[in-house]
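First comes the structure, then the notes that go with it.
Read-outs: derived from the displayed coordinates by stated rules, not from any lab. All figures in this text were calculated on a predicted structure; none of them were measured in a lab. All Cβ positions, even for glycine, are placed from backbone atoms using ideal geometry, and neighbour counts span all protein chains on display.
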Amino acid sequence: MSDDALDEAAEAELATRWGPFRLVAFRDPVDHQEHLALVRGPVRDHDEVPVRVHSECVTGDVFGALRCECGDQLAAAVETIAAADRGVLVYLRGHEGRGIGLLDKVRSLTLQDTEGLDTVDSATALGLPVDVRDYGPAARVLLHLGVRSVRLLSNNPDKARVLEAHGVKVAVREPLHAPVRPENLPYLVAKRDRLGHDLPHLDAPGA
């Protein structure tokens with residue numbers, strides 16, 4: 001199966017608070033999950049298209065949890081794409097808790113609160129992998145959309161490398177920094193120090 005093959009996809013117009021988008025829903029032929037892409041403006045055969053590949057986070061994206069950066073990054077990415085009037089936001093479902101699922105994510109949060117473990121050690125203490133997310137579906141929908149190269153909105157260098165391995169040309173990776181708060185500082189520090197995320201703003205005065 002080629003990386004640009006999508007068995008099932010449906011499209012519709014979607015009005016949002018950030019303006020109109022083209023909503024592309026698709027069922028990935030490899031992980032069999034249903035994912036989404038929000039598309040703004042012309043992207044087919046374009047280079048350096050602003051792209052955010054966003055992992056599902058119910059607590060952050062829907063309920064505005066402050067202990068992670070997910071909701072802030074989601075809003076910032078949509079705002080960036082809307083301001084450019086061009087881009088794609090790929091929303092990957094099944095990525096909750098870096099792929100461990102909602103139940104185990106909540107169990108890991110409990111360990112963080114009661115045992116003082118960070119986001120990495122709380123997963124391994126449960127006998128779970130640190131990160132099992134698959135970015136293949138994002139690559140397949142970007143190829144399906146005909147994007148030639150992307151300006152990837154991400155702090156995660158591994159995400160760029162994986163997309164490249166799936167045939168998506170990453171022209172540049174642009175960090176997408178969220179506000180630093182007391183609630184999310186331990187999480188962000190662990191992502192920088194243990195997961196290799198690009199978060200130099202944590203060293204700024206007042207961070």
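May I ask you to list the lysines whose Cα is less than 28 Å away from that of LYS169, ignoring any residue fewer than eight positions away on the same chain?
Counting by Cα, and skipping residues close in sequence, LYS169 has these lysines nearby: LYS159, LYS191.
Taking one equal scatterer on every alpha-carbon of region 102-201, how large is log10 of I(q)/I(0) by Debye at q = 0.10, 0.15 1/Å?
Reported log10 I(q)/I(0), two decimals: -0.36, -0.74.
If you work out Cα Rg over 2.2 N^0.38 Å from the coordinates, which of (i) 1.06; (ii) 1.01; (iii) 1.23 do you get?
This structure yields the entry labelled (ii).
May I ask you to evaluate 6.51 cos²θ - 1.76 cosθ + 1.60, the Karplus curve with θ = phi - 60°, for each residue of region 120-130 and list the ³J(HN,Hα) values in order in whole Hz, giving x for glycine and proline?
Karplus values, whole Hz, x for Gly and Pro: 7, 5, 5, 6, 5, 5, 8, x, 10, x, 6.
Starting from the Cα gyration tensor of region 19-112, take the square roots of the eigenvalues, sort them a ≥ b ≥ c, and report rounded, prolate or oblate (rounded when a/c is under 1.5, otherwise prolate if a/b is larger than b/c, else oblate). All intermediate terms of the calculation are to be shown ahead of the outcome.
On the way: a/c = 2.87, a/b = 1.62, b/c = 1.77.
Judged from the Cα gyration tensor, region 19-112 comes out oblate (a/c at least 1.5, b/c at or above a/b).
Would you work out which of PRO182, GLY19, PRO157 lies farthest towards the positive end of the dipole of the chain? Charges go on Cβ: Lys and Arg +1, Asp and Glu -1.
Sorting the options by dipole projection puts first GLY19.
Please give the charge dipole size of the chain, origin at the Cα centre, charges +1 on K and R Cβ atoms and -1 on D and E Cβ atoms. Round to the nearest 20 debye.
Value, rounded to 20: 300 debye.
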